[in-house]
Amino acid sequence: TAWLRRQGFQINRKRVSRLMRRMGIEAIYPKKRLSRPDAAAKKYPYLLRDMAIDRPDQVWAADITYIRMKHGFIYLVAIMDWFSRNVLAWGVSITMDVGFCVEALGHALGTGKPEIFNTDQGSQFTSRSFTGVLEAEGIMISMDGRGRVYDNIFVERLWRSVKYEEVYLRAYGSVSEARASIGCYLDFYNRASEHPSCYVI
């Protein structure tokens, strides 16, 4: 508003806000939490505190993030190996239904099996559709504490890379375009020469 006024326009903040919304212009900032817990679902304890992550398939983790397109938005789920930092499987959806998370989990389990699987307490990950697959495979389930985003810090770092190196540089015109472009980026991400893995959580 101040910049437009300096250019000679008689305009107030409310009009600028309205026009920015209409044109889809917004600042880059963290969105509201996508993980809404289901009060009736079983919650599991966080198992990773002070654990040294020193081998592949010791701990996998999953999370969901919001991806804005030119018109509308989609959700992206990724499953990551905490030791290698590789994205083992991912998927996109126009809804927050658990189905795309279970599908991604199935793809990941086609590559191996972790000892522990860590997620937040969102309804997708606490659903029987998701936890039942893990339990059937004999995988220990770990869940972040409420509001503790750093319990799943490596996936949060992945989202930062995906958004600043891919999503914010694009204006996806369709879900298929977003899926293809994000897939190319994640292939690049997995081929990166080093993902530091010598941390103790």
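The values are calculated or read from the model by the stated rules, or taken from the named source; none is laboratory data. All values derive from a computational prediction rather than experimental measurement. Here the Cβ is made from the backbone with ideal geometry for all residues, glycine too, and neighbour counts use every protein chain on show. Heads up: the accessible areas ignore ligands, DNA and RNA and are worked out on the full protein's heavy atoms, side chains in. Shrake-Rupley method; radii C 1.70, N 1.55, O 1.52, S 1.80 Å.
Quick rundown of the values:
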item	result
Residues that are surrounded by fewer than 22 Cβ atoms within 10 Å (Cβ to Cβ), out of contact with any Gly (no Cβ under 7 Å at 6 or more places or on another chain) and not charged (D, E, K, R), drawn from region 92-106	92, 93, 94, 95, 96, 98, 99, 102, 106
All positions within region 55-71 that are out of contact with any Phe, Trp or Tyr (no Cβ under 7 Å at 6 or more places or on another chain) and under 14 Å from residue 114 (Cβ atoms)	57
Checklist (1) open to solvent by 90 Å² or more (accessible area, probe 1.4 Å); (2) in a loop (DSSP other than H, G, I, E, B); (3) modelled with pLDDT of 80 or more applied to residue 29, failing item	(3)
Top-ranked residue in region 2-26 [being in a loop (DSSP other than H, G, I, E, B) and modelled with pLDDT of 90 or more; ranked as farthest from residue 127 (Cα to Cα)]	8
Of all residues in region 187-201 being touching a strand residue (DSSP E or B) at 6+ places or on another chain (Cβ under 7 Å) and either within 20 Å of residue 119 (Cα to Cα) or open to solvent by 30 Å² or more (accessible area, probe 1.4 Å) (or both), the one that is modelled with the lowest pLDDT	200
Pair list, Cβ < 9 Å and 6+ apart or interchain, from region 174-190 residues that are over 11 Å from residue 92 (Cβ atoms) and touching a residue at least 60 places away in the same chain (Cβ under 8 Å) to residues that are assigned to a helix (DSSP H, G or I) and open to solvent by 20 Å² or more (accessible area, probe 1.4 Å)	189/161; 189/165
Check on residue 171, small (Gly, Ala, Ser), more than 27 Å from residue 50 (Cα to Cα) and modelled with pLDDT of 95 or more	no
Residues being in a loop (DSSP other than H, G, I, E, B) and under 19 Å from residue 156 (Cβ atoms) - total across region 91-112	1
Residues (outside any strand (DSSP E or B), over 23 Å from residue 192 (Cβ atoms) and open to solvent by 10 Å² or more (accessible area, probe 1.4 Å)) located in region 48-90	49, 50, 51, 69, 70, 71, 72
Qualifying residues in region 107-166 (those that are of a type in the set (Val, Ile, Thr) and within 13 Å of the chain's Cα centre (by Cα)) - the one most open to solvent (accessible area, probe 1.4 Å)	149
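Residues checked against (1) on the phi < 0 side of the Ramachandran plot; (2) among the acidic types (Asp, Glu); (3) out of contact with any helix residue (DSSP H, G or I) (no Cβ under 9 Å at 6 or more places or on another chain):
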position	(1), (2), (3)
43	yes, no, no
83	yes, no, yes
90	yes, no, no
97	yes, yes, no
104	yes, no, yes
111	yes, no, yes
129	yes, no, no
